[in-house]
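Working notes, beginning with the structure itself.
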Number of protein chains: 2
Amino acid sequence: MAPEPPYYAVIFTSRRRGDDAAYHATAERMLQLAAQQPGFIGVESARDSEGMGITVSYWHSAEAIAAWKMELEHVQAQQQGRACWYEHYQVRVARVERHYAFERPAQPD
Amino acid sequence: MAPEPPYYAVIFTSRRRGDDAAYHATAERMLQLAAQQPGFIGVESARDSEGMGITVSYWHSAEAIAAWKMELEHVQAQQQGRACWYEHYQVRVARVERHYAFERPAQPD
């Protein structure tokens, strides 16, 4: 789990169009690059079989998110995404105010 | 897109264990029930082939989220989820501070 709230989340919901090997390479590279940015906490992602995807990245501050949005290689990937890969997407920047978790207890042998 | 910020998001990330017809019926019912709650805006969901799922629901206020968490049928579904369906999950309540979207322009014929 992330540090105690408050921290920030970027909720990226998207629909892909078709498939493209370059997309996968770039997506993987962006995950690596994001993880090297100051203020990065973590990322979670799921994409269903119909091409609907949700990626949520977590950050220590809104400033860290703004800096990541402007990172040069990331800006190029965003342009490529609009030109080629996405039918539509939405980005939401949100301040996480509370969180809780459930973890299944280990089963006895 | 939702109303102008600020509004609220509940980010629910989970890993399922196995599969279960009752899960799908309950998940569908919870979507219907959530949509009837005061303050509900919308919901987006994706689950990948490895069982990792992200559901984000959007609400007008933190009070609306608190009321939904306490809704009786939803409380029962949460108990069932912990007893049977989830390996683990995390819930984050976040205040959306800004958002933007991309929509692919219609192609000329």
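Things worth noting here:
- With the convex hull drawn over the C-alpha atoms of the protein assembly as shown, the volume per residue is 159 Å³.
- Note on the protein assembly as shown: with charges restricted to the Cβ of Lys and Arg (+1) and Asp and Glu (-1), its dipole about the Cα centre is near 280 debye.
- Neighbouring Cβ atoms from other chains, within 10 Å of the Cβ of residues in B:43-53, number 5 on average.
- Gyration tensor (alpha-carbon) shape descriptor, segment A:1-51, a/c threshold 1.5: oblate
- Total accessible surface hidden between A and B, rounded to 100 Å², 1.4 Å probe: 3800
- Segment A:74-109: trypsin sites (Lys or Arg not before Pro) in DSSP coil with no more than 16 other Cβ atoms inside 10 Å: none
- Distances from residue B:104 to itself in the other copies, using label points 7 Å out along the Cα-Cβ axis, amount to 3.8 nm in increasing order.
- Nearest-20 debye value, chain B charge dipole, Cβ charges on Lys, Arg, Asp, Glu: 340
- Counting 0.36 nm for each residue step from residue B:48 to residue B:17 and taking away their Cα separation leaves a gain of 9.8 nm.
- For chain B, the spread of Cα positions along each principal axis, largest first, Å: 49, 37, 21
- Copy-to-copy label separations for residue A:63, where each label sits 7 Å from Cα toward Cβ, in nm and ascending: 3.5
- CD proxy at 222 nm, helix term only [per DSSP H run n ≥ 4: -39500 (n - 2.57); per residue of chain A; nearest 500]: -9000 deg cm²/dmol
- Whole-percent carbon and sulfur share, accessible surface of segment B:38-109, 1.4 Å: 53
- Equivalent ellipsoid, segment B:46-109 (semi-axes from 5 times Cα gyration tensor eigenvalues, Å): 30, 20, 11
The values are calculated or read from the model by the stated rules, or taken from the named source; none is laboratory data. Keep in mind it's a predicted model, so treat the numbers as computed, not measured. Quick reminder, even Gly has a Cβ in these numbers, built from the backbone with ideal geometry, and neighbours come from all protein chains shown. With ligands, DNA and RNA removed, areas are computed over all heavy atoms of the protein, side chains included. Shrake-Rupley method; radii C 1.70, N 1.55, O 1.52, S 1.80 Å.
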